[in-house]
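Accompanying notes for the structure given below.
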Ligand code: FES
Ligand SMILES: [Fe+2]
């Protein structure tokens, strides 16, 4: 992030240019509990939000060389991104055209020369063409090989990020269609030069939005995290901006207060004190955290089940050993997996009881209000004017 931008954001945090805390959301918001529990709403979210628009599926560094790949299930559609010989990325539905099993099962990998199905060894080229299958002459001589290549989906790559639409019929798009202007900041981080260090996956008994909700406010930090990160972070000052539906939320360590006491703004730096979170609803949160990047990817499995993949990436030029990043991930997940997500599982159980009709998102939770307003609006638009509103 450019120095002028860091100074501008620090001035806002300090309250030089605007009252603090803030900016607040224009109004608090009520969201029905059924937004988290209804099977009908869940099905509509998968159709409209996950499958109906470009979403972030991978960082470019997860598939750097030709023959490298990254997989992710978007909504209910398994996808594979594959780096081509010419350096471009193609996206495929990660399902074998024979009898439908999953082709690539690792989250990412490299060195592919072809894609061979583990079930009956149908083999595809990296561009998706069906090259060979056992018994082709005897038992499948009436099956058109050319018509059984992998099903392609539209992909766009920019700023070190790979986006796809989980719909083979979707039109081509550009990354800006998913970033809505946030690219003016994201481009500065040179994310394409980072290196993937480690990813871990875990399933949680909660709605996918509760995973996203976790990243939206520091309001909970002194309470839920009082014995872990609480003492180190500000909870009453933050920086929030919306780029269309994309929310960028910056939480700061208390050390930032000394930074803005420095007499010359030329010496001010935000990044050593800040956690920058880009909420790319519905399926990803991209985090710049002092000395690394994190990507949190969410796959909705059911209204009350979500698979979370957490990945960590090191910046160019760092010589740190893999153990450092493993420890980093241990510490990170030590907080979310013992403090944040168990709390969200309790929320899910309680909402499922039907005993509480709605949740309240306060003005002090602007990223929460912002992203829920955006997705509720999108669902309402997709449902059309005659349908019942999804929020009030
Ligand atoms: S399902 Fe893939 S080869 Fe049979
Ligand atoms: Fe938290």
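Some values worked out for this structure:
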{"read-out": "Test: residue 286 is surrounded by 17 or more Cβ atoms within 10 Å (Cβ to Cβ) and touching a strand residue (DSSP E or B) at 6+ places or on another chain (Cβ under 9 Å)", "value": "yes"}
{"read-out": "Residue check for residue 173: modelled with pLDDT of 95 or more, buried (at least 17 other Cβ atoms within 10 Å of the Cβ), outside any helix (DSSP H, G or I) and in contact with a strand residue (DSSP E or B) (Cβ under 7 Å, 6 or more places away or on another chain)", "value": "no"}
{"read-out": "Any hit, the stretch 191-203, residues being more than 21 Å from residue 273 (Cβ to Cβ), crowded, with 20+ Cβ neighbours inside 10 Å, over 16 Å from the mean Cα position of the chain (by Cα) and away from ligand 1 (no atom under 16 Å from the Cβ)", "value": "yes"}
{"read-out": "Any pair with Cβ under 7 angstrom, 6 or more apart, that starts in the stretch 223-240 at a residue that is closer than 16 Å to residue 273 by Cβ and away from ligand 1 (no atom under 16 Å from the Cβ) and ends at one that is modelled with pLDDT under 90 and not in a loop (DSSP other than H, G, I, E, B)", "value": "237/13; 239/12; 239/13"}
{"read-out": "Residue check for residue 208: within 20 Å of residue 78 (Cα to Cα), within 16 Å of ligand 2 (Cβ to nearest atom), in contact with a strand residue (DSSP E or B) (Cβ under 8 Å, 6 or more places away or on another chain) and in contact (Cβ under 8 Å) with a residue 60 or more places away in the chain", "value": "no"}
{"read-out": "Output for the stretch 245-265, where each listed residue is part of a loop (DSSP other than H, G, I, E, B), over 10 Å from residue 370 (Cβ atoms) and in contact (Cβ under 8 Å) with a residue 12 or more places away in the chain", "value": "254, 255, 260"}
{"read-out": "Matching strands (runs of 3 or more DSSP E) fully within the stretch 280-392 where at least 3 residues are at pLDDT below 95 and over 19 Å from residue 214 (Cβ atoms)", "value": "none"}
{"read-out": "Condition check for residue 142: assigned to a loop (DSSP other than H, G, I, E, B), more than 16 Å from ligand 1 (Cβ to nearest atom), modelled with pLDDT under 95 and over 27 Å from residue 51 (Cα atoms)", "value": "yes"}
{"read-out": "Matching entry among 27, 35, 58 (being part of a strand (DSSP E or B), in contact (Cβ under 8 Å) with a residue 60 or more places away in the chain and under 25 Å from residue 240 (Cα atoms))", "value": "58"}
{"read-out": "Residue count for the stretch 303-324, restricted to those that are over 20 Å from the mean Cα position of the chain (by Cα) and either touching a residue at least 24 places away in the same chain (Cβ under 8 Å) or at negative phi (or both)", "value": "8"}
{"read-out": "Complete set of residues in the stretch 78-117 that are in contact with a strand residue (DSSP E or B) (Cβ under 8 Å, 6 or more places away or on another chain), within 16 Å of ligand 1 (Cβ to nearest atom), in a loop (DSSP other than H, G, I, E, B) and over 26 Å from residue 310 (Cβ atoms)", "value": "96, 97, 101, 114, 117"}
{"read-out": "So residue 291, is it exposed (fewer than 15 other Cβ atoms within 10 Å of the Cβ), touching a residue at least 40 places away in the same chain (Cβ under 8 Å) and out of contact with any strand residue (DSSP E or B) (no Cβ under 7 Å at 6 or more places or on another chain)", "value": "no"}
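The values are calculated or read from the model by the stated rules, or taken from the named source; none is laboratory data. Everything quoted here is computed from the prediction, not taken from an experiment. Cβ sites come from the backbone with ideal geometry, for glycine too, and all protein chains shown count toward neighbours.
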